[in-house]
Each structure stands twice: as C-alpha cells, then as structure tokens.
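Heads up: the structure comes next, in structure tokens.
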Amino acid sequence: MVRNLDITTLRSFVAVADNGGVTRAAGFLHLTQSAVSMQLKRLEELLGLELLDRSGRTIGLTPAGEQMLAYARRMVALNDEVMARLTDQAFEGEVNFGVPHDVVHPVIPRVLKLFNASYPRVRVNLVTTNTRHLKEEFGRGRFDLILTTETGAHEGAETIHQLPLRWVGAPGGTTWRQQPLQLGFSRNCIFRGIAVKVLDRADIPWEMALDSDSDRTVEATISADLAIGILLEGTQPDHQELIDSNGTLPRLPMQHINLYGAENAHAPFVDELAKLVRQGFEAMGPTSLRLAVG
C-alpha cells in the first residue's frame with residue numbers, strides 16, 4: 001500500500017528542528033502545541049521511526065530524524081516553489097535594473113516580458129542612462145543589476161557579449177564625406193572619447209555638431225544628416241544606417257557588454273533576471289570574431 005507524506009506535517013517537523021522545540025515551533029506556525037505534537041506523532045507512526053530525541057531537557061533529532069530533516073526541507077521547498085509559480089502568490093519584490101540607452105533594444109524588452117511571465121508580482125524598475133552614471137550609482141547601491149558598454153572587463157564585471165562599434169549616419173547621408181567631420185554625441189556618451197581618439201590618430205579633423213545631454217537630440221541630428229555617430233552594430237534605429245566608407249573612416253574597437261551585480265544577488269528573482277539577460281544577448285549570435293569596418 002502506498003503511503004503519502006503530508007506537507008503540513010513535514011513543515012511542522014522542520015519548524016521543530018529549526019526552533020529547538022514544540023513550543024517555539026507552534027508559535028512560528030501559528031498552531032497550538034498539541035496540534036504540532038500530534039503531527040509529529042503521526043509522522044513517526046507513518047514512518048515507523050523515532051525522529052525526535054525526547055530524553056533530554058530539550059528536544060533533539062535522532063539519527064533517523066537528521067536524515068529525515070534533509071528530505072523534509074527539500075519537499076517543503078519544492079511544494080512552496082510549485083505553489084508560488086502556479087498560483088502567483090509569492091516572489092513579491094522589486095529589482096532596480098540599469099541599462100545604457102544603446103543596448104536597450106532589441107534584447108531588454110524581450111527579457112522583461114519573459115521575466116514578468118515567471119515573476120508577475122515582482123516589479124522591475126528599469127533605468128536607462130549612460131554607462132558612467134550607471135557605474136557610479138551602482139557603487140552607491142542604487143541598483144541590483146546593471147549592464148554597461150565598455151572596452152574591457154573591469155573589477156566585478158561579467159562580460160556576457162561583445163559587439164563591434166560602427167559609424168552610423170542618416171540613410172543615404174553624405175555628412176561622413178565632409179571635413180571637418182561633424183560628430184553627434186551627448187556630453188556623457190562613453191563612445192565620444194573613442195571617436196575622438198581614433199579620428200585624432202588618423203589625422204582626420206572633426207567638430208562636435210551639437211552640445212547636448214539628450215540622446216534624443218543626438219539621434220535627431222544624426223538622422224537629419226547633420227552629423228555622424230557611433231553605435232553598437234545591430235542597435236541602430238530604422239532611421240539610421242551603418243556607414244560603409246571603404247576605409248575612409250577609421251576602424252572602431254569591439255565593445256564588451258558587461259553585467260554587474262549578479263554575483264551578489266540578494267533574491268532568487270534577481271538571479272533569474274540576470275540569467276534571462278545572459279540568454280538574451282547570447283541569442284544575438286557569436287560576435288567575437290567579427291571586426292568593425294570603417
């Protein structure tokens with residue numbers, strides 16, 4: 001005859017072991033002492049084993065009880081996971097997630113959709129800004145997770161992808177042929193310094209076509225063929241295109257997509273969000289062997 005273990009009884013057994021006695025366990029479970037004692041007796045009778053050592057002033061576990069405790073913990077945890085996932089009653093909380101403007105699309109919207117399907121009661125506070133600001137605020141504890149776009153992997157970083165930087169301009173634009181070259185970058189854009197460095201090295205004169213903190217303003221200026229800029233390959237909007245200059249413009253370096261915070265995740269749902277972010281960028285395909293061309 002099949003005998004079945006009762007999760008409520010196992011939960012009481014775990015509570016007694018964790019709290020060192022029936023009285024404290026009963027308070028923890030919001031049950032009477034007699035109810036907890038009855039559940040323990042029923043569990044011992046079902047198994048035909050003594051699980052508790054009642055010979056001393058405090059209750060301890062017998063060898064069989066210690067072995068049973070490991071099983072009981074796993075069964076209670078699995079029960080709670082099933083109920084939480086299928087009945088939407090747990091995993092409440094929030095994640096503060098920072099992402100640079102240039103890598104929000106196309107991965108992050110899909111990540112948020114998948115995460116919400118698994119954890120509908122967890123709020124993701126998405127903040128989009130530049131890498132420099134994200135790292136500063138992460139250092140102050142403002143974010144649980146951040147993504148960055150950097151030329152390498154720094155302390156605490158997990159490189160989850162690499163993409164080449166590319167020159168971008170308006171569709172069919174000609175600004176890239178002019179000198180001095182008109183550049184479009186916001187003041188805090190990390191790609192601004194990269195552009196200046198490679199152009200100076202190539203002895204190509206340049207000017208900043210605008211002075212703004214707004215990425216939207218920069219995007220509009222480039223789309224109007226009044227400047228060119230730099231973006232990660234595959235992240236350019238529909239109203240911009242990669243510039244094929246046949247070597248007129250200098251080659252740009254690969255850029256690392258780095259994840260910070262996953263190693264010290266404080267909750268399971270933060271781990272899950274980090275995993276979905278990794279999978280999202282992995283799905284973009286291998287890029288480590290691709291080179292950005294001017």
Task: Gly261 small (Gly, Ala, Ser) and surrounded by fewer than 21 Cβ atoms within 10 Å (Cβ to Cβ) - done: no
Task: From the options Gly98, Gly141, residue that is free of Cβ contacts under 8 Å to residues at least 60 places away in the same chain and buried (at least 20 other Cβ atoms within 10 Å of the Cβ) - done: Gly98
- [ ] Of the conditions (1) in contact (Cβ under 8 Å) with a residue 60 or more places away in the chain; (2) more than 44 Å from the chain's Cα centre (by Cα), Arg11 clears all except one; give me its number.
- [x] (2)
Task: Residue check for Gly98: farther than 22 Å from Ala267 by Cα and small (Gly, Ala, Ser) - done: no
TODO: Looking only at segment 134-152, decide whether some residue is at pLDDT below 95, part of a loop (DSSP other than H, G, I, E, B), under 24 Å from Gly234 (Cα atoms) and touching a strand residue (DSSP E or B) at 6+ places or on another chain (Cβ under 9 Å).
DONE: yes
- [ ] Scan segment 156-183 for residues that are more than 29 Å from Ala265 (Cα to Cα), surrounded by 15 or more Cβ atoms within 10 Å (Cβ to Cβ) and among the small types (Gly, Ala, Ser) and report the count.
- [x] 3
Open item on the list: Quick test for you: out of Ser186, Ser223, Ser214, pick the one residue that is within 37 Å of the chain's Cα centre (by Cα), open to solvent by less than 50 Å² (accessible area, probe 1.4 Å) and modelled with pLDDT of 95 or more.
Closed with: Ser223
TODO: Kindly list, by first and then second residue, each pair from a residue in segment 263-278 that is hydrophobic (A, V, I, L, M, F, W, C) to a residue that is open to solvent by 60 Å² or more (accessible area, probe 1.4 Å), limited to pairs with Cβ atoms under 7 Å and residues at least 6 apart or on different chains.
DONE: Ala265/Asp271; Leu276/Leu114
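The values are calculated or read from the model by the stated rules, or taken from the named source; none is laboratory data. The model shown is predicted, which means the values in this text are computed figures rather than measured ones. In this analysis, Cβ positions are derived from the backbone assuming ideal geometry, glycine residues included, and neighbour counts consider all displayed protein chains. Remember, those area values only see protein heavy atoms, side chains included, never the ligands or the DNA or RNA. Shrake-Rupley method; radii C 1.70, N 1.55, O 1.52, S 1.80 Å.
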